[in-house]
Amino acid sequence: MDLEALRGEIDEIDSELVRLFCRRMDTVRAVAQYKSEHGLPVFHPERERKVIEKVSARAGKEYGTGAGVLFQTIMDISKSYQHIQLSGERGARLRAQIGAALGGGATLPKKARVACQGVPGAYSHEAARQMFPSPDLSFCGQFEDVFEAVRSGECDYGVLPIENSSNGSVTRVYDLLRDYRLTICRSYKLPVNHCLLTSGETDLLKLTDIYSHEQGLGQCSQFLRQNPQLRVHVYRNTAAAAKFVAESGSATAAAIASEECAKLYGLTVAARDFQNARQNFTRFICMGRELIIEPGANKISLSLTLPHTAGSLYRLISRFAAQSLNLTKLESRPLPDTDFEFLFYFDFEGSVREKPVLDLLCSLQEELGHFEFLGNYKG
């Protein structure tokens with residue numbers, strides 16, 4: 001038999017597989033209706049385990065593993081379809097919250113009281129100016145102070161870094177999102193070009209100390225590895241580090257910060273584009289007390305916990321894949337006072353204006369022990 005004949009046989013088999021798949025999904029719809037009427041859960045782990053064992057055994061030694069993977073995928077698609085069938089009955093609280101936000105039609109104002117961490121010249125300062133054309137800015141010493149300023153009503157919004165393209169997540173901000181439960185209203189990707197700033201014309205070979213935020217230091221780690229004689233000082237903010245170096249007047253100290261800080265604090269730019277990666281971006285989020293979903297919102301953030309059982313994360317991810325939703329971020333943070341359990345953060349591309357997306361979120365809220373909708377915003 002030649003190749004074309006073999007391909008023709010495969011096409012016939014595929015046609016039969018599609019017919020059987022559609023028949024199976026029709027039956028799955030009937031199963032979903034039965035479960036709805038009798039209050040049964042979608043996921044039945046013991047039933048699923050037995051099916052996998054049975055098909056693997058039937059396929060034999062050579063094809064058993066592949067058959068198990070195939071049927072696991074089919075059952076994941078089936079569960080996702082059942083969730084969709086049942087979604088209209090679920091998540092009333094979240095539906096109402098999102099419906100009110102969409103109905104209100106609110107957007108971020110051009111002028112608002114905005115809190116950001118650091119001092120003038122900080123990258124958070126620039127991100128806030130990009131998000132709000134006329135912000136009334138308040139500078140806070142710590143990340144937590146920004147959250148507290150928003151929660152207390154002292155400020156309307158807070159702007160903080162959440163991740164860097166070369167140095168990863170700002171984990172402290174993720175932990176504070178868990179504690180304060182504010183909503184994300186918008187995000188902004190800021191190009192970050194670090195400079196090495198000194199007091200006056202300093203001989204770089206005579207530098208002994210360097211100051212910056214841990215993210216700035218991490219983004220310039222190659223220089224630090226090449227100069228192990230430098231004492232590294234972690235500062236609460238890049239701009240605050242620059243201000244400290246300026247006020248110290250030390251000829252042997254330098255800061256890693258923005259060129260704007262050199263102008264603000266009278267420092268000399270000893271080196272530009274000082275970071276490891278030329279394409280270096282930090283994503284900032286704007287947080288508020290009320291849920292705002294602006295027109296054009298295209299990114300969704302969630303936090304949730306999962307059962308401490310094998311495959312629970314995989315099964316959740318498969319539900320996003322079944323809806324062709326692109327996950328752009330998966331972060332896990334340890335939960336205090338637990339035995340190695342974690343809170344997961346998901347970012348994905350999507351809009352709650354699309355019914356399948358809203359249905360998925362409402363189903364997750366009903367099923368999971370902890371589920372927090374953090375916002376749908378322009379990413």
Completion exercise
Reported set for region 262-293 where residues are in a strand (DSSP E or B) and within 18 Å of the chain's Cα centre (by Cα) is 281, 282, 283, 284, 285, 286, 287, 288
Practice task
Could you check region 114-217 for helices (runs of 4 or more DSSP H) lying wholly inside it with 3 or more residues that are polar (S, T, N, Q) and at positive phi?
Solution key: none
Practice task
Could you list, in sequence order, all residues of region 297-321 that are open to solvent by less than 50 Å² (accessible area, probe 1.4 Å) and over 17 Å from the mean Cα position of the chain (by Cα)?
Solution key: 311, 312, 315, 318, 319
Practice task
Would you confirm whether any residue within region 207-215 is open to solvent by 30 Å² or more (accessible area, probe 1.4 Å), touching a residue at least 24 places away in the same chain (Cβ under 8 Å) and charged (D, E, K, R)?
Solution key: no
Exercise for the section: Report the residue count in region 351-373 for those that are part of a loop (DSSP other than H, G, I, E, B) and either more than 14 Å from residue 324 (Cα to Cα) or touching a residue at least 60 places away in the same chain (Cβ under 8 Å) (or both). Expected result: 5
Problem - Condition broken by residue 198, with the remaining ones in (1) of a type in the set (S, T, N, Q); (2) at pLDDT 90 or above; (3) out of contact with any Lys or Arg (no Cβ under 7 Å at 6 or more places or on another chain); (4) farther than 17 Å from residue 245 by Cα satisfied - result: (4)
Exercise for the section: Restrict the check to region 193-203 and report whether at least one residue is closer than 21 Å to residue 122 by Cα, surrounded by fewer than 20 Cβ atoms within 10 Å (Cβ to Cβ) and of a type in the set (S, T, N, Q). Expected result: yes
Problem - Condition met for residue 325 (assigned to a loop (DSSP other than H, G, I, E, B) and either at pLDDT below 90 or at negative phi (or both)) - result: yes
Fill in the blank from the handout: Being of a type outside the set (Gly, Ala, Ser), touching a residue at least 24 places away in the same chain (Cβ under 8 Å) and open to solvent by 100 Å² or more (accessible area, probe 1.4 Å) narrows 7, 29 down to just 29
Handout entry: Scan of region 237-261 for residues that are within 17 Å of residue 204 (Cα to Cα), within 32 Å of the chain's Cα centre (by Cα) and in a helix (DSSP H, G or I), ordered by number
Key = 242
Exercise for the section: Looking only at region 95-104, decide whether some residue is touching a residue at least 12 places away in the same chain (Cβ under 8 Å), open to solvent by less than 50 Å² (accessible area, probe 1.4 Å) and under 25 Å from the mean Cα position of the chain (by Cα). Expected result: yes
Exercise for the section: Determine, yes or no, whether residue 18 is closer than 23 Å to residue 317 by Cβ, among the hydrophobic types (A, V, I, L, M, F, W, C) and open to solvent by less than 90 Å² (accessible area, probe 1.4 Å). Expected result: no
Fill in the blank from the handout: Restricting region 323-379 to residues that are open to solvent by 60 Å² or more (accessible area, probe 1.4 Å) and of a type in the set (Phe, Trp, Tyr), the one farthest from the chain's Cα centre (by Cα) turns out to be 340
Practice task
Inspect region 164-181 for any residue being touching a Gly at 6+ places or on another chain (Cβ under 6 Å), over 14 Å from residue 290 (Cα atoms) and modelled with pLDDT of 95 or more and give the result as yes or no.
Solution key: no
Handout entry: Pairs where the first residue, in region 339-350, is more than 17 Å from residue 300 (Cα to Cα) and of a type outside the set (D, E, K, R) and the second is assigned to a strand (DSSP E or B) and open to solvent by 10 Å² or more (accessible area, probe 1.4 Å), C-beta under 8 Å, 6+ apart
Key = 340/334; 342/332; 342/333; 342/334
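The values are calculated or read from the model by the stated rules, or taken from the named source; none is laboratory data. Predicted model only: the values in this text are computed from it and were never measured. Heads up, the Cβs are rebuilt from the backbone with ideal geometry, glycines too, and the neighbour counts pull from every protein chain shown. Only protein heavy atoms, including side chains, enter the accessible area calculation; ligands, DNA and RNA are left aside. Shrake-Rupley method; radii C 1.70, N 1.55, O 1.52, S 1.80 Å.
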